[in-house]
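A short write-up of the structure that comes next.
The values are calculated or read from the model by the stated rules, or taken from the named source; none is laboratory data. These numbers come from a predicted model, not from an experiment. Here the Cβ positions follow ideal geometry from the backbone for every residue, glycine too, while neighbour counts run over all protein chains shown. What goes into the accessible areas is simple: the full protein's heavy atoms, side chains included, and nothing from ligands, DNA or RNA. Shrake-Rupley method; radii C 1.70, N 1.55, O 1.52, S 1.80 Å.
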Amino acid sequence: MIQFFRVQKTFGREMEALRDVSLDIRKGEFVFLTGPSGAGKTTLLRLIFRDLLPTAGQILVAGRNVVRLPGREVPALRRMLGVIFQDCRLLMDRTVAENLHVVARALGTAEEEARRKIGYLLRQVGLLHRANQSPSSLSGGEQQRVAIARALMNDPLILLADEPTGNLDAELATDVIRLLRELNARGMTILLATHNAALVSDQAKRTVVLKAGRVVADNGA
Amino acid sequence: MRLPRLGALLGDTLVNLRRGGWGGLAAVGAIGVCSLILGCLWLLTVNLQAILSDWRAQFEVVVFLRDDITAEQRERLRRWLHAEAAVADVQYTSKEEALALFKREVRGQASLLEGLGENPLPASFQLRIREGHQTGTALRAFATALERLEGVEEVLYGREWVDQVGRLVSVLQVAGWAVGTILGGAAIFIVANTIRLAVYARAEEIEVLRLVGATRGYIRAPFILEGFFQGLLGGGVALLLLFAGYRFVVWRLGLAPPGLLGLGGGRFLEPLQVAGLLLTGAVLGGAGSLLSVRRFLKA
Ligand SMILES: Nc1ncnc2c1ncn2[C@@H]1O[C@H](COP(=O)(O)OP(=O)(O)OP(=O)(O)O)[C@@H](O)[C@H]1O
Ligand SMILES: [Mg+2]
């Protein structure tokens, strides 16, 4: 589903964020991407959704060569991906439902279908009763669940999560991970970056460890 | 584009315009001022050109004849004039006709005629000159040749005046382009700046849209439309002010002695030119926002 072939990413002249990374993530896998701060986790994720281009190497996502992808096909690539961040990036001047609706509109989803989907996803993340409130009135864990629901609005094949539990205490973090595992159980490929070792050790999942831009361990390759 | 999509787009644009607040007003104002000044120059040019072409159509050279001209000399002169390429038409006015005409013109002011002993008015030929031969040099040469002919007293033509108006029109046109370029650039800059602020104000939303795979067009369209509407609005305001100013000037000139600049009738911009002025505003606004969006919205 996601393949890295000898990928290298250098910022400026010196900053080698990724050095010779090769990786193969198969459909339906749940992969933890760990490593110390500055190891290159975020950089790796950004390469996948074409927020960055690699300095060298090739990247295939769902069969498409992301590196060679013409600019006008980038939206189509991103429609196959759901992306969530540590800071949920919710729009605080809209309601929870409106935050999802923005996506529906951007994707040209018909109004009826959009409403049905928003209801379905909010129920799935357990926040239907909060649909008409502002995200600012929600807890950190609830906000992250809204962000997940939003990332699911385009029915992604792959979910990319960058420190989704970074702002959450252990209990809420476990909630979010449980939600992601449910999604994974239904077939979604998930790549989750975190430097929270405790979070990873709880899960018997494939773990890729990055250090200074290199893959130093991968228990599933 | 499907209709609901269009509706949503317009909705977005309106929201942006409203959020723009004072910045948006500055953009509308800048385009308004720019369009207004351009409109003034344009209106002036249009009117002067109208006067000029009226004047050219009835452009006359008057050849006054000596009182002692013989009938034979006069006929030779007439033939010469008819043969001349520059002359479109020749009219003869005898001394008697000239006096009758004069009497008619000054009717009601009989005292003017009292001092008139015998008829002091000369006979004359009125020549209409073809368009291509109305330049200053051509006329001067023509007049000099005429004055050497037998029986000719004096040749009159109002070339200076026409040339000056013509020069004024070209100066106005050059000024229009210069002022237009400078003000247009400034207006584009101001619009670009408001749109930049609008883009920043919606940075978070734009980021979300980018991530979920919204197309570039979808993300950019509301901003470009916003600039376009600001421009259209600015152009519209300018047009209203221009029209009001025009009516005022026509009214003032109506009170002034008739014939001053010959503007009594006056003319406003044609519908197509009105549309052109509005479009200028809209294009300036659109260009400003496009510039900003290209600069501040990454792909
Ligand atoms: N845009 C950039 N310009 C220059 N250097 C960058 C840029 N983005 C990241 N880096 C550098 O690349 C290296 C990897 O950064 P990255 O954000 O991928 O690390 P990370 O593993 O996500 O760290 P963290 O756990 O703190 O989020 C870091 O040293 C970072 O300073
Ligand atoms: Mg990171």
- Note on the structure: Measuring from the longest principal axis of the C-alpha atoms of chain A, the long axis of helix A:111-124 (C-alpha) lies at a number of degrees, nearest 10, equal to 80
- Message: Check which residues have an amide H placed less than 5 Å from residue B:153's amide H, if you skip close sequence neighbours.
- Response: B:64, B:65, B:66
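If you restrict to DSSP beta bridges whose two residues both lie in chain A, what percentage is antiparallel, to the nearest 5? Don't jump to the answer; show the numbers that get you there.
On the way: 18 of 35 bridges.
Around 50 percent antiparallel, to the nearest 5.
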- Task: Among the lysines, select those whose C-alpha is under 20 Å from the C-alpha of residue B:103, and discard any that sit fewer than 8 residues away in the same chain.
- Result: B:95
- Task: May I ask for the angle, rounded to the nearest 10°, between helix A:170-185 and the longest principal axis of chain A, with both axes built from Cα atoms and the value confined to 0 to 90°?
- Result: 80
- Query: Antiparallel as a % of all DSSP beta bridges within the protein assembly as shown, to the nearest 5?
  - Reply: 65
- Solvent-accessible heavy-atom area per residue, rounded to whole Å², over region A:53-136 at 1.4 Å: 48
- Per-residue average of other protein chain Cβ atoms inside 10 Å, peptide A:75-81 -> 4
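By how many nm would the segment from residue A:123 to residue A:211 lengthen if fully extended, with 0.36 nm per residue of separation less the alpha-carbon distance?
Gain on stretching residue A:123 to residue A:211: 27.8 nm.
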- Round to the nearest 10 and report in Å² the accessible area of residue A:9, as given by a 1.4 Å probe over the protein chains' heavy atoms. 30
- When the charge dipole of the protein assembly as shown is computed with +1 on Lys and Arg Cβ and -1 on Asp and Glu Cβ about the Cα centre, the Cα farthest towards its positive end, among A:22, B:182, B:172, belongs to A:22
- Euclidean distance between Cα centres, region B:205-230 to region A:79-147, Å: 20
- Task: Apply the Karplus parameterisation 6.51 cos²θ - 1.76 cosθ + 1.60, with θ equal to phi minus 60°, to every residue of region B:236-243 and state each ³J(HN,Hα) to the nearest whole Hz, in sequence, with x for glycine and proline.
- Result: x, 4, 4, 5, 4, 4, 4, 5
- Query: So what's the angle, to the nearest 10 degrees on a 0 to 90 scale, between helix A:96-106 and the longest Cα principal axis of chain A?
  - Reply: 60
- Task: Only Cα pairs under 8 Å and at least 6 apart count here; give the relative contact order of region B:60-156 as a rounded whole percent.
- Result: 52
- Residue-averaged beta-carbon neighbours from other chains (10 angstrom radius) around B:197-206: 1
- Query: Which whole-Hz ³J(HN,Hα) couplings does region A:158-167 yield from phi under the Karplus relation 6.51 cos²θ - 1.76 cosθ + 1.60, θ = phi - 60°, glycine and proline marked x?
  - Reply: 10, 10, 9, 10, 9, 6, x, 10, x, 9
- Query: In the protein assembly as shown, with Lys and Arg counted as +1 and Asp and Glu as -1 at Cβ, which of these residues, A:166, B:268, B:71, has the Cα nearest the positive end of the dipole, that is, farthest along it?
  - Reply: A:166
- Task: Report the trypsin sites (Lys or Arg not before Pro) located in region B:136-227 that are in a DSSP loop and have at most 10 other Cβ atoms inside 10 Å of their Cβ, or state none.
- Result: B:148
- Using a simple charge model, +1 on the beta-carbon of Lys and Arg, -1 on the beta-carbon of Asp and Glu, nothing else, what dipole does region A:94-155 show about its Cα centre, in debye to the nearest 20? 120
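Checking the table A:9/A:41; A:9/A:211; A:41/A:205; A:9/A:205 against a 20 Å threshold on Cα-Cα, which pairs fail?
Where the Cα-Cα span goes over 20 Å, the pairs concerned are A:9/A:205.
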- Query: For the protein assembly as shown, what is the calculated [θ] at 222 nm in deg cm²/dmol (nearest 500), taking -39500 (n - 2.57) for each run of four or more DSSP H residues and dividing by its residue count?
  - Reply: -18500 deg cm²/dmol
- Query: Within 10 Å of each Cβ of A:105-114, how many other protein chain Cβ atoms are there on average?
  - Reply: 4
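What does the charge dipole of the protein assembly as shown about its Cα centre add up to, to the nearest 20 debye, if the Cβ of each Lys and Arg holds +1 and the Cβ of each Asp and Glu holds -1?
It works out to roughly 2580 debye.
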- Message: Using amide H atoms built in the peptide plane, which far-off residues or other-chain residues are under 5 Å from residue A:206 H to H?
- Response: A:30, A:32
